[in-house]
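Undergrad: Quick one: the structure is below, and I'll ask about it shortly.
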Amino acid sequence: MLNISKRTFTQLTAKVVLSLTAFSAITALADEPFKIGLILPMTGQAASTGKQVEAGVRLYMAQNSGKIAGRTVQLIVKDDTGLPDVTKRIAQELVVNDKVDVLAGFGLTPLALATAPIATQSKTPLVVMAAATSSITLASPYIIRTSFTVPQAAVTMGDWASKNGIKRAVTLVSDYGPGLDGEKFFKERLMLNGGQIMESMRVPLRNADFAPFLQKVRDLKPDALFVFVPSGQGTQVMKQFVERGLDKTGIRMIGTGDVTDDDLLNGLGDAALGIVTTHHYSASHKSAMNQKFVEAFEKANNKMRPNFMAVSGYDGTRVIYEALKATKGKAGGDELLAAMKGQIFESPRGPIFIDAQTRDVVHNMYIRKVEKINGELYNTEFETINDVKDPGKVQ
Ligand code: PHB
């Protein structure tokens with residue numbers, strides 16, 4: 001018989017019990033799905049954003065193993081119809097009932113802002129894949145952004161315009177967060193460069209009618225009209241710009257790339273040719289990675305062209321996957337969040353970096369002009385400003 005003392009036996013048993021507990025904790029973790037709650041406007045005015053972001057997320061998931069550190073990634077998609085109260089309610093349900101590990105999506109600024117307190121209270125990382133008002137990341141320490149900020153694009157345009165003979169400009173923006181950011185940062189930069197803003201006009205976000213504003217622009221005769229409207233609304237602006245005959249007056253239309261969004265660019269017609277915009281992504285961005293991305297995206301989505309929203313969904317999913325790999329499957333909010341910060345990688349848009357301090361995206365800004373290539377309209381990039389941080393945070 002093995003001769004062991006009672007004390008040694010107790011110690012041994014304790015060790016076995018301990019390691020068994022640790023083992024079952026690991027197995028339990030490995031068995032538990034890792035849940036991403038993706039909240040997007042799939043219907044309503046911003047539905048094109050929802051459709052593009054979701055397709056980007058799904059493409060990344062299809063191209064990468066859905067099992068990370070033994071955990072199966074599960075995607076739960078919910079339609080918030082673009083209304084903040086609905087987004088907030090859905091986020092609450094996803095956190096409390098479904099016990100999601102990450103909240104993601106957020107097609108418009110008010111939707112992200114409404115959900116920020118839930119991310120903070122529940123310590124759930126929230127990945128913003130669309131909304132672009134500078135201040136969003138300040139609303140919760142659990143917010144990470146992979147889309148862009150409107151000031152990044154507006155400041156870049158302020159510099160380009162000044163260097164290209166635009167001295168007197170009028171601004172026309174949607175009357176909410178990102179529009180007000182666009183107006184402020186374009187104006188400040190143009191004035192700093194010696195230019196002048198003749199008038200700043202704001203159009204309601206919902207059911208926008210640009211016609212009366214465009215009539216006023218015609219009368220004011222600026223060198224350029226700077227426009228920000230959210231993705232999906234560019235067609236109305238363009239149509240009314242042409243209807244009012246502004247395309248024949250020599251007043252140049254410039255703006256952030258949201259206006260000549262790849263999703264609707266072909267529908268803008270030839271009047272869009274030559275429009276110069278600043279943005280972080282064009283479907284015609286020249287890189288091997290982007291070419292592969294566009295091909296795979298179009299194949300998976302019935303020839304739909306990816307826009308900047310799709311890329312943000314794709315990159316946001318990458319950030320989540322890599323964070324989960326780094327924590328070896330542990331999804332406790334703080335640890336996962338820490339692993340999201342500071343990620344640096346190549347995106348279809350070019351090099352991108354999640355600034356660990358601001359939790360915001362740092363990437364190139366491109367100056368682009370609308371051109372026709374093989375019968376289709378594209379935003380051709382012709383100048384690059386490298387590694388642009390959000391000007392809203394570095395002032
Ligand atoms: C926003 O609401 O923050 C937003 C939405 C669409 C855009 C840009 C900004 O294209």
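The values are calculated or read from the model by the stated rules, or taken from the named source; none is laboratory data. Values in this document were obtained by computation on a predicted structure and should not be read as measured data. Every residue, glycine as well, gets a Cβ built from its backbone with ideal geometry; the counts of neighbours run over all protein chains shown.
Undergrad: Given the condition under 30 Å from residue 83 (Cβ atoms) and among the aliphatic types (A, V, I, L, M), answer yes or no: does some residue in region 222-231 qualify?
TA: Yes, region 222-231 contains at least one residue that is under 30 Å from residue 83 (Cβ atoms) and among the aliphatic types (A, V, I, L, M).
Undergrad: Still on this structure, I have one more. Hey, can you tell me all the residues within region 141-175 that are assigned to a helix (DSSP H, G or I) and within 16 Å of the ligand (Cβ to nearest atom)?
TA: Scanning region 141-175 gives 150, 151, 152, 153, 154, 155, 156, 157.
Undergrad: Just to verify a result, which residue in region 262-306, among those that are within 18 Å of the chain's Cα centre (by Cα) and modelled with pLDDT under 95, is surrounded by the fewest Cβ atoms within 10 Å (Cβ to Cβ)?
TA: My answer is 264.
Undergrad: Still on this structure: Taking region 101-115 as the region of interest, how many residues are buried (at least 24 other Cβ atoms within 10 Å of the Cβ) and either more than 9 Å from the ligand (Cβ to nearest atom) or at pLDDT below 95 (or both)?
TA: Here is the first cut: in region 101-115, the ones buried (at least 24 other Cβ atoms within 10 Å of the Cβ) are 101-109, 111-112, 115.
Still in the list and also either more than 9 Å from the ligand (Cβ to nearest atom) or at pLDDT below 95 (or both): 101-105, 115.
Residues flagged as buried (at least 24 other Cβ atoms within 10 Å of the Cβ) and either more than 9 Å from the ligand (Cβ to nearest atom) or at pLDDT below 95 (or both) within region 101-115 amount to 6.
Undergrad: Please verify whether residue 313 is under 27 Å from residue 63 (Cα atoms) and modelled with pLDDT under 95, treating the condition exactly as stated.
TA: Taking the combined requirement at face value, the residue does not satisfy it.
Undergrad: On to the next question. Quick check: anything in region 177-197 surrounded by fewer than 24 Cβ atoms within 10 Å (Cβ to Cβ), modelled with pLDDT of 95 or more, in a helix (DSSP H, G or I) and within 11 Å of the ligand (Cβ to nearest atom)?
TA: Scanning region 177-197, I find at least one residue that is surrounded by fewer than 24 Cβ atoms within 10 Å (Cβ to Cβ), modelled with pLDDT of 95 or more, in a helix (DSSP H, G or I) and within 11 Å of the ligand (Cβ to nearest atom), so the answer is yes.
Undergrad: If I filter region 215-230 down to residues being over 29 Å from the mean Cα position of the chain (by Cα) and under 21 Å from residue 257 (Cα atoms), which single residue comes out as surrounded by the most Cβ atoms within 10 Å (Cβ to Cβ)?
TA: 217
Undergrad: Right, something else. Taking only region 116-140 into account, find how many residues are more than 15 Å from residue 337 (Cβ to Cβ), in a helix (DSSP H, G or I) and within 13 Å of the ligand (Cβ to nearest atom).
TA: 3
Undergrad: Identify, please: which residue in region 214-255 is of a type in the set (Asp, Glu) and free of Cβ contacts under 8 Å to residues at least 40 places away in the same chain and is, among those, farthest from residue 155 (Cα to Cα)?
TA: Ranking the qualifying residues of region 214-255, first place goes to 243.
Undergrad: Still on this structure, please answer the following. Of a type outside the set (Phe, Trp, Tyr) and assigned to a helix (DSSP H, G or I): is that true of residue 217 in this structure?
TA: Yes: the conditions hold for residue 217.
Undergrad: Give all pairs with beta carbons closer than 9 Å in which a residue from region 150-164 that is surrounded by fewer than 24 Cβ atoms within 10 Å (Cβ to Cβ) meets a residue that is in a helix (DSSP H, G or I) and among the hydrophobic types (A, V, I, L, M, F, W, C); count only pairs at least 6 apart in sequence or on separate chains.
TA: Pairs found: 159/190; 162/190; 162/192.
Undergrad: I'd like to verify a number: residues in region 82-115 that are outside any helix (DSSP H, G or I), in contact with a Gly (Cβ under 6 Å, 6 or more places away or on another chain) and not aliphatic (A, V, I, L, M), how many?
TA: Of the residues in that region, 2 qualify.
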